[in-house]
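Reviewing the structure listed below.
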Amino acid sequence: MTTLRVAPHVHSEWSYDAEWSLPRLARLFGRLGYGGVLMTEHDRGFDQGRWEAYREACAAASSTSMVVVPGIEYSDSSNLIHVTVWGCEEFLGEGTGTGELLERASAAGASTVFAHPGRGGADRAFDAGWADRLVGVEWWNRKYDGYAPRPDAGRALAAHGPVPFVGIDFHSPRQLVPFAMVLELDGPPSVRPRSRACWRRCARGGAAPRSSASPPSGS
């Protein structure tokens, strides 16, 4: 069994609203004691070709001590519901409806998390029928929830069964906080995780923030 401390919900320059490169992020989070980064680029501007190039870039930024996991933060056509997806070889489309997205991701064996339910009332649009296709729900997203989770949003949705996640939602050092998920893996970490079981063992609440470092001025 391999234990891996990962930084959840991170954006790079591959997203339209972030600027840091993948190698720079790998160096930053490595210095802060993480063994992996769960990337979540916005779906805007992606297609299958760009997705494949991005996956290769994540592999190139990874090392024996740091795995950069490629992922996409998909939004529906109204930009209300966002779902982060890892472990899918296919790009699932820009603006795809949430039900269709979860069905296709599940069929591909991918892992999905309902992102920042406190943003814009996304929790009120949650369909309980989605729960069995979600690995997790962000009950604490640092960018949108601030210094404490919203008990009426993510925690309530986690009661449907998905694992409670935290999300740094990193776009710049302003969002850098020492949140971590601790994964228990059956083998060595990979930039292409395909086992939903490893996510369902996410530290059983091991999403607690840990004081490890202050945000650096740069890297």
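Residues Glu90, Glu52, Glu19, Glu103: which one is over 17 Å from Pro162 (Cα atoms), outside any loop (DSSP other than H, G, I, E, B) and of a type in the set (D, E, K, R)?
Working: Glu90 fails: outside any loop (DSSP other than H, G, I, E, B); Glu19 fails: outside any loop (DSSP other than H, G, I, E, B); Glu103 fails: over 17 Å from Pro162 (Cα atoms).
Sole residue among the options that is over 17 Å from Pro162 (Cα atoms), outside any loop (DSSP other than H, G, I, E, B) and of a type in the set (D, E, K, R): Glu52.
Among the residues of segment 23-47, those identified as of a type outside the set (Val, Ile, Thr), buried (at least 22 other Cβ atoms within 10 Å of the Cβ) and either outside any loop (DSSP other than H, G, I, E, B) or in contact with a Leu (Cβ under 7 Å, 6 or more places away or on another chain) (or both) are Leu25, Ala26, Leu28, Phe29, Gly36, Leu38, Met39, Glu41. When Arg133, Arg119, Arg104, Arg142 are screened for being modelled with pLDDT of 95 or more and either within 16 Å of the chain's Cα centre (by Cα) or not acidic (Asp, Glu) (or both), only Arg104 passes.
Of the residues making up segment 133-156, those that are within 15 Å of Gly120 (Cα to Cα), of a type outside the set (Lys, Arg) and assigned to a helix (DSSP H, G or I) are Tyr144, Asp145, Gly154.
Residues of segment 25-57 being within 17 Å of Leu4 (Cβ to Cβ) and touching a helix residue (DSSP H, G or I) at 6+ places or on another chain (Cβ under 6 Å), which ones? Residues satisfying the conditions are Ala26, Val37. Only a single item in (1) touching a residue at least 60 places away in the same chain (Cβ under 8 Å); (2) aliphatic (A, V, I, L, M); (3) over 30 Å from Leu32 (Cβ atoms) is not met by Leu101, and it is number (1).
Evaluated against (1) at pLDDT 90 or above; (2) loosely packed, with under 15 Cβ neighbours inside 10 Å, Arg174 falls short on exactly one condition, (1). The set of residues in segment 98-136 that are surrounded by 15 or more Cβ atoms within 10 Å (Cβ to Cβ), among the basic types (Lys, Arg) and under 19 Å from Asn79 (Cβ atoms) contains only Arg119.
The values are calculated or read from the model by the stated rules, or taken from the named source; none is laboratory data. Remember, predicted model here, so these are calculated numbers, not experimental data. Note that we place each Cβ from the backbone using ideal geometry, even for glycine, and neighbour counts take in every protein chain shown.
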